[in-house]
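These notes concern the structure reproduced below.
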Amino acid sequence: MFETPVDRADPRTPHQDLHSEQGALRGEHPGRARNPVIKVADLAWLEFEKPDLDRAEVFARDFGFAIAARTEGELWLRGTFAGSPCMVIRKGIASRFIGPAFRAAERVDLDRLARDTGGDVRDLDAPGGGKAVGLLDPSGLPVRVVHCAEQLPALPHQQPLILNFGTDHRRTNATQRPPREPSRIQRLGHVVLETPLFARTLDWYLDTLGMIVSDFLFLDGQRGRGPTMAFIRCDQGSLAVDHHTLALHLGPATGYVHSAYQVTDLDAIAAGGEYLAERGYQRSWGIGRHIQGSQLFDYWRDPDRFMLEHFADGDLFSCDLEPGWAPMSASGLAQWGPPVTRDFLGTNPSPAKLREVMTALRGDNELDPARLLGLMKAMSS
Ligand SMILES: [Fe+2]
């Protein structure tokens, strides 16, 4: 049966000002700080340590990064867009995530931040130089706020395919041949972090870096205890920015879950994915389309089992939108795509995982048996 325009309009009426099915209830977390110390403009890059930079560079090129700089001890990766690099990998004993670096909107923000947090403004150890303030978030993760002296110039972009839609014929007398090559990364999009100190860590990012929440997730039946996941964007006023630059969720571990890199379009995700699969890399989950943020996604494991995402076509929100609220569930992670994998959810049982859970349950944090059970139920529903 055909829908009438009225049919299509009706379901939207109660929520026409919201991007989500539900908003906050009275007294729930507002999702933004009244008077933050500064408002960061974006995520600048992520910092890692790895013992083998040659091996890291092979994966980086296969995944679609370009090399911004390479020395004996550092590998700086970038996308094709002008701006800052996406990632630095420093030579170290173990393979580990160090922390994120956020981009200050103005140089003077670093002074304000240093004054407020009792830190120092130091010289930045990045190509081109600049200044940085080093902080620790309440989970104990090192977070830097940086102001680069120089911007990287743009590199040649991967062009989006010209598509034919119905009677809208944009490509005639020409074939469609997306190249099976690394999907060229355009830029860093977001990082997802796990913490057993979710509420404190969330408030720190809102109060200190002026970030604002796009969507909250809560555990079914435990909404009154507050959210357990937040998708957080930068506040750039009327300028629409990525739905999430940072996502935080409650869990037994502290630190990196995954990071996401924008590519041109769905064909770039798919053809670049074929390229990775042919080289024996492990796909974690994909291809699909998320709900919170709406991105097309494809998740991969690097040789050290860090998860990285190719994404395209994500939502862009200005500061005007209020946070949405939804129950957390595995089936609520995607609008379409293959069933979510245990690898993506991190629910593969292992002695190390069990130890992590037991330690977290005994610690002074926000994880307790009811919440752990709620998380386990969410991951299987
Ligand atoms: Fe993601």
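The values are calculated or read from the model by the stated rules, or taken from the named source; none is laboratory data. In this text, all values refer to a predicted model and were calculated from it rather than measured experimentally. Neighbour counts are summed over all protein chains in view; Cβ atoms, including those assigned to glycine, are modelled from backbone coordinates with ideal geometry.
Somewhere in the stretch 211-220, is a residue closer than 22 Å to Ala101 by Cβ, away from the ligand (no atom under 15 Å from the Cβ), touching a helix residue (DSSP H, G or I) at 6+ places or on another chain (Cβ under 9 Å) and modelled with pLDDT under 95? For the stretch 211-220, residues closer than 22 Å to Ala101 by Cβ, away from the ligand (no atom under 15 Å from the Cβ), touching a helix residue (DSSP H, G or I) at 6+ places or on another chain (Cβ under 9 Å) and modelled with pLDDT under 95: absent.
Taking the residues in the stretch 246-268 that are touching an Asp or Glu at 6+ places or on another chain (Cβ under 8 Å) and within 11 Å of the ligand (Cβ to nearest atom) as candidates, determine which candidate is farthest from Leu193 (Cα to Cα). Per the stated criteria, the residue is Tyr261. Residues in the stretch 331-381 that are farther than 26 Å from Arg301 by Cα and assigned to a loop (DSSP other than H, G, I, E, B): 6 in all. Filtering Arg90, Arg70, Arg115, Arg122 for residues that are free of Cβ contacts under 8 Å to residues at least 12 places away in the same chain and not aliphatic (A, V, I, L, M) leaves a single hit, Arg115.
Conditions tested, residue by residue: (1) out of contact with any strand residue (DSSP E or B) (no Cβ under 9 Å at 6 or more places or on another chain); (2) farther than 28 Å from His157 by Cα; (3) crowded, with 20+ Cβ neighbours inside 10 Å.
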| residue | (1), (2), (3) |
| --- | --- |
| Asp52 | no, yes, no |
| Ala66 | no, no, no |
| Trp76 | no, no, yes |
| Ser84 | no, no, yes |
| Asp123 | no, yes, no |
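Taking Pro138, is it in contact (Cβ under 8 Å) with a residue 60 or more places away in the chain and farther than 26 Å from Tyr256 by Cα? No. Here Val340 clears all of (1) in contact with a Leu (Cβ under 6 Å, 6 or more places away or on another chain); (2) farther than 30 Å from Ala94 by Cβ except the condition numbered (2). Considering only residues in the stretch 188-208 that are among the β-branched types (Val, Ile, Thr) and away from the ligand (no atom under 16 Å from the Cβ), the one that is nearest to Phe344 (Cα to Cα) turns out to be Thr195. Whether a residue is under 27 Å from Arg61 (Cα atoms), in contact with a Gly (Cβ under 9 Å, 6 or more places away or on another chain) and touching a residue at least 12 places away in the same chain (Cβ under 8 Å) was assessed, and Leu155 passes this test. When we screen Tyr256, Tyr205 for residues that are in a strand (DSSP E or B), of a type outside the set (A, V, I, L, M, F, W, C) and in contact (Cβ under 8 Å) with a residue 40 or more places away in the chain, the only hit is Tyr256. For the stretch 279-294, filtered to residues that are outside any strand (DSSP E or B), at negative phi and touching a residue at least 60 places away in the same chain (Cβ under 8 Å), the residue that is farthest from the ligand (Cβ to nearest atom) is Arg279.
Has the stretch 302-309 got at least one residue that is loosely packed, with under 15 Cβ neighbours inside 10 Å and within 15 Å of the ligand (Cβ to nearest atom)? No, the conditions are met nowhere in the stretch 302-309. Determine, yes or no, whether Asp235 is assigned to a helix (DSSP H, G or I) and of a type outside the set (A, V, I, L, M). For Asp235, the condition - assigned to a helix (DSSP H, G or I) and of a type outside the set (A, V, I, L, M) - is not met.
Can you tell me which residue is modelled with the highest pLDDT among those in the stretch 310-333 that are within 15 Å of the ligand (Cβ to nearest atom) and surrounded by fewer than 18 Cβ atoms within 10 Å (Cβ to Cβ)? For the stretch 310-333, the residue satisfying everything is Asp313.
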